[in-house]
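Asker: Please read through the structure below; I'll follow up with questions.
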Amino acid sequence: MKRNAISTLLGTDLVGETVTVCGWVRTFRNDQFLSINDGSSLSNLQLVIDRESTDEGVRKRLTTGAAVCAVGQLVESQGKGQATELEVAQLEVLGDADPEVYPIQMKRHTMEFLREKAHLRFRTSTFNAVFRLRHGLQYAIHEYFEKNGFYMLHTPIVTGSDAEGAGEMFQVTTLDLGNVPKTEEGEVDHSEDFFAKPTNLTVSGQLEAELGAMALGKVYTFGPTFRAENSNTSRHLAEFWMIEPEVAFNDLVDNMDLAEDCLRFVLNRVLEQYPAELEFLAKREADAEKQLPADQRNEMGLIERLRFVTETPFIRLTYTEAIDLLRNSKPFKKKKFKYPVEWGIDLQSEHERWLVEKHFKQPVILTDYPAQIKAFYMRSNDDGKTVAAMDVLVPGIGELVGGSQREERLEMLQKKCAEFDIPEEHVWWYLDTRRFGTAPHAGFGMGFERLVMFATGMTNIRDVIPFPRTPQNAEF
């Protein structure tokens, strides 16, 4: 069947032509006006049906959610709200949606309710917009790295290493869990397993990406990552996607430049290409925030926040300088911060947002974090206390990007492995890159869902991924 996408019919270029459209019913009113959407646009197309020539049985089947196909002439609309409409000559119902049980009606549903209907929530205007923007962001990421000479690297999903050293990993096994083989010492006999060693789902593709960068120069990964963290917050998922570039011969300053440039490019792309979706989501956010206390509302609207990042210079300062600013701030002195502020502990989003939104009123990149709160692979600074790490902070979210210059000195990396209780035989291949032609290099990780949250204004990470995986929830 040759059909026309609704997105191509909303203007007047095809007025007078006979076209075919398919979509799902949004509304049917006055037994004559049918509004449908096919996913190609946030906007619906109005179909005008001739009551006399349309069978009553067909009209009764035109309920919200039903799939239809129509053939007719595209004409200029006589009503408000649309430039064109379709005068229907032929109409077929392809799939019924019983109104007694169809859960997605033309009314406001809570996000919690829609998460339980993840197989249908794409049909709502909110998720229609969110997932088109998610696609746009993904495409822009690939476009940016292609334009800048990077090679995409597919890193393993099943791995024997823990890149972050946190131990919160999903185990992969083919062993019979009802009859697990044991060694003479009573331990699990992994030699009987598929890979003959303990393996897990990856938490990051970074370590493997470093290997690629040390030969190809510039690489990036964009793949699924997994954390077995028993957390039910609005910022955590068990399965999510990460963007992780690695560049040979880059230092921390180069790394900051790359992150800033990448972020500007990607956000500019969606600002240019998805104005209708952004305007819809901006209005949705503004309407929702009317119900919140003033101190819980965003100071800037959604589109304003995106332009804030694309147009405002990023400020760069050290973690130590940030701690001093926070401890001298009014919220700290008046005990308004929920979490403590002291050197040596990680900053919370409330601290990061204060720096961005209240103090500097600019996007912020923090550098040189305490070594004890960062991963083993980050390069040690000369002070012996900090590492060459960086976090990029944006309004409404806080940290959006985290990265570092990697430790390229073999002896220092071996020392770090010992400090983090990482056996060298587990990462021998990683250490080898420091034995054979080591060089400075750097990279970062950007949580893709966190980027989508920032670009859409959605406040729960479960609402920016098609099928969220969280503790005790692996439905669909």
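Asker: State the Cα centre-to-centre distance between the range 36-82 and the range 169-194 in whole Å.
Answerer: Using only Cα atoms, the two centres lie 59 Å from each other.
Asker: Here's another thing I want to ask about it. Which FRET efficiency value, to the nearest 0.05, is calculated for Glu192 and Glu112 with the Förster distance at 41 angstrom and r the Cβ-Cβ distance?
Answerer: Details: r = 44 Å, r/R0 = 1.06.
With R0 = 41 Å, the Cβ-Cβ based efficiency is 0.40.
Asker: Separate question: Only loop residues by DSSP count here, and only those with at most 16 other Cβ atoms within 10 Å; note down the trypsin sites (Lys or Arg not before Pro) in the range 276-353 that meet that.
Answerer: Details: sites: Lys283, Arg284, Lys290, Arg297, Arg305, Arg307, Arg316, Arg327, Lys333, Lys334, Lys335, Lys336, Lys338, Arg353; in loops: Lys290, Arg297, Lys334, Lys335, Lys336, Lys338.
Within the range 276-353, the qualifying trypsin sites (Lys or Arg not before Pro) (loop, at most 16 other Cβ atoms within 10 Å) are Lys290, Arg297, Lys334, Lys335, Lys336, Lys338.
Asker: Enter the Cα centre distance for the pair the range 132-156 and the range 199-245, rounded to the nearest angstrom.
Answerer: 15
Asker: If the convex hull of the alpha-carbon atoms of the chain is projected onto planes in all directions, what is the mean projected area in square nanometres? Don't skip to the answer; put the middle values down first.
Answerer: Working: hull surface 114.5 nm².
For the chain, the mean projected area of the Cα convex hull comes to 28.6 nm².
Asker: I've got another one for you. Taking the Cβ of Ala282 as the centre, find all other residues whose Cβ is under 12 Å away and add up their charges (Lys, Arg: +1; Asp, Glu: -1). Can you show the working numbers first?
Answerer: Working: positive: Lys283, Arg284, Arg305, Arg307; negative: Glu277, Glu279, Glu285, Asp287, Glu289, Glu304.
Overall, the nearby charge balance is -2.
Asker: Ok, one more. Quick check: Cα centre of the range 404-439 to Cα centre of the range 253-315, how many Å?
Answerer: What the calculation gives is 38 Å, centre to centre.
Asker: While we're here: Within the set Lys60/Lys80; Lys338/Lys374; Lys334/Lys358; Lys330/Lys374; Lys336/Lys358, which residue pairs have Cα atoms separated by over 19 Å? Show your work: numbers first, answer last.
Answerer: On the way: Lys60/Lys80 26 Å; Lys338/Lys374 22 Å; Lys334/Lys358 15 Å; Lys330/Lys374 28 Å; Lys336/Lys358 14 Å.
Among Lys60/Lys80; Lys338/Lys374; Lys334/Lys358; Lys330/Lys374; Lys336/Lys358, the Cα-Cα distance tops 19 Å for Lys60/Lys80; Lys338/Lys374; Lys330/Lys374.
Asker: Right, here's the next one. What is the diffusion coefficient of the range 130-238 in µm²/s, taking the Kirkwood radius over Cα pairs and the Stokes-Einstein relation at 10 °C with a viscosity of 1.306 mPa s? Please list the in-between numbers first.
Answerer: Numbers: Rh = 16.6 Å.
Translational diffusion coefficient: 95 µm²/s.
Asker: Also, quick follow-up: Excluding residues fewer than 8 places away in the same chain, name every one of the lysines whose C-alpha is closer than 17 Å to that of Lys117.
Answerer: Hits, sequence-local ones excluded: Lys107.
Asker: To one decimal place, what orientation-averaged projected area in nm² is obtained for the convex hull of the Cα set of the range 41-116? Please list the in-between numbers first.
Answerer: Numbers: hull surface 26.4 nm².
Mean projected area for the range 41-116: 6.6 nm², to one decimal.
Asker: Calculate, in nm to one decimal, what Asp251 and Arg327 gain on full extension: separation in residues at 0.36 nm each, minus their alpha carbon distance. Spell out each step's value before the answer.
Answerer: Numbers: separation 76, 0.36 × 76 = 27.36 nm, distance 2.99 nm.
Full extension from Asp251 to Arg327 adds 24.4 nm.
Asker: Using all C-alpha to C-alpha distances in the range 368-473, build P(r) with 5 Å bins and read off the rounded percent in each one.
Answerer: Histogram of Cα-Cα distances, whole percents per bin: 2, 11, 17, 16, 14, 12, 12, 10, 5, 0.
Asker: Return the distance in nm (one decimal) between the two label points of a simple spin-label model at Ala439 and Asn460, each offset 7 Å from Cα along Cα→Cβ.
Answerer: Spacing of the two 7 Å Cα→Cβ label points: 4.7 nm.
Asker: Quick test of the membrane-span-like rule: which DSSP H helices of the chain reach at least 27 Å along their long axis (C-alpha atoms) with mean Kyte hydropathy at least -1.0?
Answerer: Numbers: long enough: 125-147 (33 Å, -0.41); 252-273 (32 Å, 0.16).
Answer set is 125-147, 252-273.
Asker: A further question on this structure: Please list, by residue number, every one of the trypsin sites (Lys or Arg not before Pro) in the range 1-81 that is coil in DSSP and has at most 10 other beta-carbon atoms within 10 Å.
Answerer: On the way: sites: Lys2, Arg3, Arg26, Arg29, Arg51, Arg59, Lys60, Arg61, Lys80; in loops: Lys2, Arg3, Arg51, Arg61, Lys80.
Sparse-neighbourhood loop trypsin sites (Lys or Arg not before Pro): Lys2, Arg51, Lys80.
Asker: Which chymotrypsin sites (Phe, Trp or Tyr not before Pro) from the range 116-219 combine a DSSP loop assignment with at most 16 other Cβ atoms within 10 Å?
Answerer: In loop regions of the range 116-219 (DSSP not H, G, I, E or B), the sparsely surrounded chymotrypsin sites (Phe, Trp or Tyr not before Pro) are Phe170, Phe194, Phe195.
Asker: Taking 7 Å along the Cα-to-C-beta vector as the label spot, tell me the Arg29-Tyr139 distance in nanometres, rounded to one decimal.
Answerer: Between Arg29 and Tyr139, the label points sit 3.2 nm apart.
Asker: When Lys and Arg each count +1 and Asp and Glu each count -1, what net charge do the other residues less than 13 Å away from Met111, Cβ to Cβ, add up to? The partial results should precede the final answer.
Answerer: Numbers: positive: Arg108, Arg115, Lys117, Arg121, Arg284, Arg462; negative: Glu112, Glu116, Glu285, Asp463.
After counting each charged neighbour, the total is +2.
Asker: Sticking with this one: Return the calculated 222 nm mean residue ellipticity for the chain, to the nearest 500 deg cm²/dmol, obtained by summing -39500 (n - 2.57) across DSSP H runs with n ≥ 4 and dividing by the residue count.
Answerer: -8500 deg cm²/dmol
Asker: Taking 1 over the mean of 1/r across every pair of different Cα atoms in the range 290-416, what Kirkwood radius in Å do you get?
Answerer: On the way: mean 1/r = 0.0634 Å⁻¹.
Kirkwood radius, the range 290-416: 15.8 Å.
Every read-out reported here was derived from the displayed coordinates using simple, explicitly stated rules and does not represent laboratory data. The model shown is predicted, which means the values in this text are computed figures rather than measured ones. Quick reminder, even Gly has a Cβ in these numbers, built from the backbone with ideal geometry, and neighbours come from all protein chains shown.
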